[in-house]
Amino acid sequence: MADVSQETLSRDVRLLKDTVREAGALALSLFGTDLKRWTKGSSSPVSEADIAVNELLEERLRAATRDYGWMSEESADDKDRLVKRRVWIVDPIDGTRGYLAGREDWCVSVALVEDNAPLLAAVFAPATDEFFFAVRGQGATLNDVIVAATSGTEMDFSRIAGPKPLVDRLGGELGEVTLHPRIASLALRLCRVAQGSLDAAFAGGNSHDWDLAAAHLIVQEANGRMTALSGEGILYNCREVTHGVLVAAGCDRHARIVARFRDRSPA
């Protein structure tokens, strides 16, 4: 980050905060209304709210940073992003199923990635007025208050979220598992680790850059780690944007979880 001028960084911080708040306000204004909706792929829901928020984000962010790349769940993939050092990675409404069902656990998630790693991150849950933000190397905040992942290696198995088979594998002789209620947005699930309300969270296979990049930086800057179950790091803005099973937790607990899965893996 040393070669990013402070002036440019400050501009991008202001731009990201203002734009994500505006996008969140738009999403909230459409929340609970009669929206056109359809399915893309085999089962992924989309609504006109997703498209409207995406258009707002793209218009604001790209107009101000014309030399940056763009990747969004609701945009056609522009492979020009692969030659850009900095790329906006966007999920206009993460947790669309919850959004359309009238639940509050959805968010707008945007990261600025530089050289395959998140530099800036904003995750905004407008329905509950929670605004997570992080700058690489400068910590993470929730509504401007510093947050931190829980420390230590002991696990409360009612404070772990993710696909049940993964959580069950973590339990066993360590204790009885009570799965935390499902959180519609994966980005928010991960941010709950950053704020300390979850001890750990898993992402099942088939998550994408736009689900992860912003929350990843927020976890990292809250003294947490997020990696593959093997402990391997995550790279963004690659040709392949789909990821396998991931885990996020405070640093000490993360190390224990990775070791546990490694010990239980077939030789």
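Summary table below
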quantity	calculated
Folded to 0 to 90 degrees: helix 48-64 orientation relative to the chain principal axis, Cα	70 degrees
Antiparallel DSSP beta bridges within the stretch 160-264, as percent of all bridges there, nearest 5	85 percent
Vicinal HN-Hα couplings computed from phi for the stretch 120-128 (Karplus, 6.51 cos²θ - 1.76 cosθ + 1.60; Hz; Gly/Pro x)	10, 8, 9, 10, 10, 9, x, 5, 10
Counting DSSP beta bridges with both ends in the chain, the antiparallel % (nearest 5)	85 percent
Ellipsoid equivalent to the stretch 6-54 - semi-axes via the Cα gyration tensor, in Å	30, 14, 6
Point-charge dipole on Cβ atoms (K/R +1, D/E -1) for the stretch 160-264, about Cα centre, debye to 20	100 debye
Label-to-label distance, nm, for residues given as Ser230 and Ile51 (7 Å Cα→Cβ offset)	4.0 nm
Relative contact order computed over the chain (Cα-Cα under 8 Å; 6+ residues apart), in percent	16 percent
Folded to 0 to 90 degrees: helix 251-264 orientation relative to the chain principal axis, Cα	60 degrees
Likely footprinting exposure, Val83, Val13, Val247, fewest C-beta neighbours within 10 Å first	Val83, Val13, Val247
Gained length - Trp38 relative to Ala255, 0.36 nm times residue gap less alpha-carbon distance	74.0 nm
Likely footprinting exposure, Thr242, Thr150, fewest C-beta neighbours within 10 Å first	Thr242, Thr150
Arg14/Cys238 FRET efficiency (R0 45 Å; Cβ-Cβ; nearest 0.05)	0.95
Residue of Gly41, Gly152, Gly224 that the Gaussian network model of the chain assigns the largest fluctuation, springs spanning Cα pairs under 10 Å	Gly41
Three-way shape call for the stretch 68-210 based on the alpha-carbon gyration tensor, with the a/c threshold at 1.5	prolate
For Thr227, Thr8, Thr19, order by how many other beta-carbon atoms lie within 10 Å, fewest first	Thr8, Thr227, Thr19
Shape call, the stretch 6-146: gyration tensor on alpha carbons, a/c limit 1.5	oblate
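Coordinate-derived values only; no laboratory data. Please read these numbers as outputs of a predicted model, since none were measured by experiment. We place every Cβ from the backbone using ideal geometry, glycine too, and count neighbours over all the protein chains shown.
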